[in-house]
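Inspection log for the structure reproduced underneath, given as structure tokens.
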Amino acid sequence: MELPYLLMAPGPVQIPPEITQIMALPMIHHRTPEFEKILVDVLERLPKVFGTHERVFIQTATGSGGMESALVNTLSRGDKVLCVVAGKFGERWRLMAQEIGCTIVSYDVPWGEAAVPAKIQTLLNENPDTRAVLIQACETSTAVLNPVQEIGAIVQKFPETLLIVDAITACGVTPLPMDAWGIDVMVAASQKAFMLPAGLSFLAFSKKSWKFVEAAKTPRFYWDVRAEKKANIANQTHFSSVVPLTRALQKVLDLILVNGKIDGNILKSKTLAKGIEVGCQKLGFQLYAKSPSPSVTALVIPEGIQGAKLPDHLETKYRITVAGGQDSLKGKIVRISSMGHIKPNDILRVIEALALASNDLGGKFSKEQIQAAQTAAQTAMTEGSN
Ligand SMILES: *Cc1c(COP(=O)(O)O)cnc(C)c1O
């Protein structure tokens, strides 16, 4: 019998079967009472995932579109921007800000480490004209979680500076209450914590940030959130909605919000991550991130294993997709998601498959070692979920 396929990359993630079914429903027009009901419901509940009283806008784009939208809606050519660059996604945002014509102050964080809030305080003191701080809540390329709460407390003291957070692998799976932590613009995307295919990004703007939205001079038409806001007030989207994804989003919100709270989903992700961490460390895979995120785990591939071949081999022989490392981390790490429709048993399967795939590529894990790793992971997950 063929093994069931398991998608454990840090996006796209494994999709719940009921979501797949909903996406196959016959098409309807987006300007109908039937669709309007769905839209109103998702727009009402999305802010609960963001921890905000503000509106959350849906834009038809992958996460990078949401990142660009956050910038073009708040910044202008010549604005000074502090870019926290701790990996690939930080680099991407800096490139976008450069493209807009912003003046960049870079805070380059060594890969694998988290940003230091005191350093951001210093950089803002030195550059009081900074219009925005750009940061990833979870830098997916290194699996590091940044201390957004502390950074929010600092940026809040600067009335002319926004904190703009790429929360694409954090919102919904790690604690990130936008209002309480002083986040001004937050971006999420469908194919990560939201357990959907790629194609939607979600964005919210704080009260403080609307003044920036009005003042921003960067040309924007498709991305203009003012037009979207006007449409949403009339229970519409400005452009055509992606009906199948919006329907699926409605169902996802049923799954991840329990009594209107996201806490259970956050705990689930944390528990699964604990299982991955404990089990794989027991095998000898060390954690790459100094401040690991509960949404994705980066593991250092032990010496003697052909690391560059590991992700492909896991996929073809063991039917599990994980992500490898990017750039200088190619062949050195694997990244395993704890987002998506996965259960503790899937984590046990990943641990075994990781060991067996490693053995095919030079590793020497015994049956007893693999079992011990699975037992440790199981114990950690049982304790973690209580
Ligand atoms: C996945 C991801 C993105 C967006 O990637 P897209 O392919 O455009 O959806 C942005 N930032 C982070 C941190 C991500 O993990």
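Just add up the charged neighbours of Leu272: K/R +1, D/E -1, any other residue whose Cβ is under 11 Å from the Cβ of Leu272. For residues surrounding Leu272, the net value is +2. A 1.4 Å probe run over the protein chains yields, for the stretch 168-245, 36 Å² of accessible area per residue, whole-number rounding. The accessible surface of the chain, taken with every protein chain in place and a 1.4 Å probe, is 55 percent carbon and sulfur.
A DSSP coil position with no more than 15 other Cβ atoms inside 10 Å describes the following GluC sites (Glu not before Pro) in the stretch 275-348: Glu303.
Dividing the summed -39500 (n - 2.57) terms of all DSSP H runs of n ≥ 4 by the residue count of the chain sets its mean residue ellipticity at 222 nm at -13500 deg cm²/dmol. Restricting the trypsin sites (Lys or Arg not before Pro) of the stretch 110-191 to loop positions (DSSP other than H, G, I, E, B) with no more than 12 neighbouring Cβ atoms within 10 Å leaves Lys157. Once the Cβ-Cβ distance of Met27 and Tyr222 is raised to the sixth power relative to R0 = 25 Å, the FRET efficiency obtained is 0.65. Remark: for residue pairs Lys80/Lys229; Lys88/Lys270; Lys211/Lys330, the C-alpha separation exceeds 32 Å in Lys211/Lys330.
Every pair of different Cα atoms in the stretch 30-114 enters the Kirkwood calculation, which places the hydrodynamic radius at 15.3 Å.
Distance between the 7 Å Cα→Cβ label points at Asp327 and Asp312: 2.3 nm.
The aspartates and glutamates within cross-link reach of Lys157, meaning a Cα-to-Cα straight distance under 15 Å and a gap of 8 or more places when in the same chain, are Glu126, Asp129, Asp179, Asp184. Rounded, prolate or oblate for the stretch 199-256? Axes are the square roots of the Cα gyration tensor eigenvalues, ordered a ≥ b ≥ c, and the cut-off for rounded is a/c under 1.5. Taking the square roots of the gyration eigenvalues as a ≥ b ≥ c, the stretch 199-256 is prolate. Using 0.36 nm per residue and subtracting the Cα-Cα separation, the extra length available between Glu126 and Glu303 on full extension is 59.4 nm. Max-minus-min Cα coordinates of the stretch 183-335 on each principal axis give 59, 38, 30 Å, with the largest extent listed first. Using the average count of surrounding beta-carbon atoms within 10 Å as a protection proxy, the listed peptides 373-385, 224-236, 138-150 rank, highest first, as 138-150, 373-385, 224-236.
With the simple model of a label 7 Å out from the Cα in the direction of the Cβ, Asn345 to Val213 spans 4.5 nm.
Counting only residues at least eight positions apart within a chain, or on another chain, the lysines with an alpha carbon under 16 Å from that of Lys48 are Lys251, Lys261.
To the nearest 10 degrees, how steeply does helix 63-72 sit against the main Cα axis of the chain, on a 0 to 90 scale? Between helix and principal axis, roughly 30 degrees. Computed over the Cα atoms of the chain, the ratio of the radius of gyration to the Kirkwood radius (Rg/Rh) comes to 0.98. Along the chain, the longest continuous region that contains none of the chymotrypsin sites (Phe, Trp or Tyr not before Pro) in a DSSP loop with at most 16 other C-beta atoms within 10 Å is 6-220.
Calculated FRET efficiency, Asp179 to Arg319, Cβ-Cβ distance, R0 = 41 Å: about 0.45 to the nearest 0.05. Working from label points 7 Å from Cα in the Cα-to-Cβ sense, the Glu99 to Ile233 distance is 3.1 nm.
If the chain linking Ser76 and Ala118 were pulled fully straight, counting 0.36 nm for each residue of separation and taking away their Cα-Cα distance, it would gain 12.4 nm.
Give me the extension gain from Asp263 to Asp41: residue separation times 0.36 nm, minus the current Cα-Cα distance, reported in nm with one decimal. This chain segment gains 77.9 nm when fully extended. Gyration tensor analysis over the Cα atoms of the stretch 219-295 returns equivalent ellipsoid semi-axes of 39, 18, 11 Å (largest first, whole Å). Computed from the C-beta positions of Ser106 and Gln156, the FRET efficiency with R₀ = 30 Å rounds to 0.85.
Summing charges over all other residues whose Cβ lies under 12 Å from the Cβ of Pro294, with Lys and Arg as +1 and Asp and Glu as -1, gives +2.
The values are calculated or read from the model by the stated rules, or taken from the named source; none is laboratory data. Keep in mind that what you see is a predicted model, and the values were worked out from it rather than measured. Cβ: placed from backbone, ideal geometry, glycine included. Neighbour counts: every protein chain shown. Surface accessibility is based on the protein's heavy atoms, side chains included, excluding ligands, DNA and RNA. Shrake-Rupley method; radii C 1.70, N 1.55, O 1.52, S 1.80 Å.
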